[in-house]
Amino acid sequence: MTSDNAQRIGKAFLAYSALHLVVEKLFVPRLDPRVVARLSRSDRIELVEKIPSTVNGLVSGLLGMYVIHVQRGFRGDVFKPYPRLLDRLFSGFAGYCLYDLGIMALQANRDPAMWAHHVVGFFGAMLMTVYRQAAFFPTAFMITELTVVPTNLLWYIQKLGADRSAPGVAAAVWYRRVAIARAVAFVALRLTTTWFVLWYALYNTPSVDGQSAGPGRAGDETKPVVGLRGKVCCRRRLHDLWYQFSCLPRVVSVLTTINVSLLTILNLNWTLTVVRNLRRLLQNP
């Protein structure tokens, strides 16, 4: 890891820590003290932490979306390209994970899944700035951080809003609306991400013989890949993807496997939980 990236991680950690202090000193005192007093110690910590969490979700998710869908930094090759913007993305995310791990240590009974998510996120992002290969995979999963925004908003409505059991109350109406938005976001961003990653990687992996499987890329006229269809084409793309993956440094291939596998399981579990909660909410308003 270069000294520049180490400094970026440190600066991100300090920035999120400073934001935490600013929110604690300026935002919390403006809330109804009776509402804040009813919160548990863990909730009072989370009351402040949700703002840095939302900022990280927006920054990480939007930067990931920009690199893949606007800049198209991995078109034609998901293994070798490393757009310059990724140094800031991964360093910032590593700094946030470091900050949030410290906050989680102050709270009781935090979900083990969140500990796993943050530990893997920190080391994965930090090491990505060192090896700079297969960066497409963690970048794609960064987009799922956007679901943090409706999740945090729902938490604020739940903890600070009025009695949601009374029909017609503004907090109750907004709680249902945001709960629906959160479920849509989880299904659209978290449930489908692994399938998008696999599809995109299949169609944007260089061929073993030098041809590109990516759209709009010309190959060797004697062995056209673009013209292949059906099972033959699928097998060819899978072969090329596996070959390119196997050529990665061992630490990169292992971390990529852990990253994709763990996040797939977590995303599926979190999405099912969110959808079940929404179903109960709509059945018992």
Kindly list, by first and then second residue, each pair from a residue in segment 42-60 that is within 17 Å of Asp111 (Cα to Cα) and among the hydroxyl-bearing types (Ser, Thr, Tyr) to a residue that is surrounded by fewer than 18 Cβ atoms within 10 Å (Cβ to Cβ) and at pLDDT below 95, limited to pairs with Cβ atoms under 7 Å and residues at least 6 apart or on different chains. Ser42/Gln107; Ser42/Ala108
Breaking point among (1) more than 30 Å from Cys247 (Cβ to Cβ); (2) surrounded by 15 or more Cβ atoms within 10 Å (Cβ to Cβ); (3) out of contact with any Ser or Thr (no Cβ under 6 Å at 6 or more places or on another chain), for Leu58: (2)
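So that you can scan it fast, the table gives a plain yes or no per residue for (1) at pLDDT 95 or above; (2) within 20 Å of Ser17 (Cβ to Cβ); (3) of a type in the set (Asp, Glu):
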position: Leu63; (1), (2), (3): yes, no, no
position: Leu89; (1), (2), (3): yes, yes, no
position: Asn109; (1), (2), (3): no, no, no
position: Glu145; (1), (2), (3): yes, yes, yes
In this structure, does Phe122 turn out to be touching a residue at least 40 places away in the same chain (Cβ under 8 Å), of a type outside the set (S, T, N, Q) and either under 16 Å from Val260 (Cβ atoms) or part of a helix (DSSP H, G or I) (or both)? no
Any residue at all in segment 229-248 that is out of contact with any helix residue (DSSP H, G or I) (no Cβ under 8 Å at 6 or more places or on another chain), modelled with pLDDT of 90 or more and surrounded by 15 or more Cβ atoms within 10 Å (Cβ to Cβ)? yes
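Every residue, every condition in (1) farther than 30 Å from Arg84 by Cα; (2) in a helix (DSSP H, G or I); (3) touching a helix residue (DSSP H, G or I) at 6+ places or on another chain (Cβ under 9 Å); (4) of a type in the set (D, E, K, R), yes or no:
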residue	(1), (2), (3), (4)
Ala6	no, yes, yes, no
Gly10	no, yes, yes, no
Ala15	no, yes, yes, no
Leu19	no, yes, yes, no
Val36	yes, yes, yes, no
Glu49	no, yes, yes, yes
Leu58	no, yes, yes, no
Considering only residues of segment 258-280 that are buried (at least 19 other Cβ atoms within 10 Å of the Cβ) and of a type in the set (S, T, N, Q), which is farthest from Met142 (Cα to Cα)? Thr271
Just a yes or no: is a residue in segment 249-257 in contact with a Ser or Thr (Cβ under 6 Å, 6 or more places away or on another chain) and surrounded by 15 or more Cβ atoms within 10 Å (Cβ to Cβ)? no
The conditions are (1) without any contact (Cβ under 8 Å) to a residue 40 or more places away in the chain; (2) of a type outside the set (Asp, Glu); (3) surrounded by 13 or more Cβ atoms within 10 Å (Cβ to Cβ); (4) under 25 Å from Ser253 (Cβ atoms), and Leu86 fails exactly one of them. Which is it? (1)
Within segment 13-29, does at least one residue satisfy the condition of being touching a Phe, Trp or Tyr at 6+ places or on another chain (Cβ under 8 Å), surrounded by 13 or more Cβ atoms within 10 Å (Cβ to Cβ), modelled with pLDDT under 95 and not β-branched (Val, Ile, Thr)? no
Just to be sure, is Leu63 in a helix (DSSP H, G or I) and touching a Leu at 6+ places or on another chain (Cβ under 7 Å)? yes
Within segment 71-87, how many residues are more than 14 Å from Tyr131 (Cβ to Cβ) and either touching a Cys at 6+ places or on another chain (Cβ under 7 Å) or in a loop (DSSP other than H, G, I, E, B) (or both)? 10
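The values are calculated or read from the model by the stated rules, or taken from the named source; none is laboratory data. Predicted model, so just to flag it, every value in this text is computed and none were measured. When we count neighbours, we look across all protein chains shown, and the Cβ atoms used for this are built from the backbone with ideal geometry, even at glycine.
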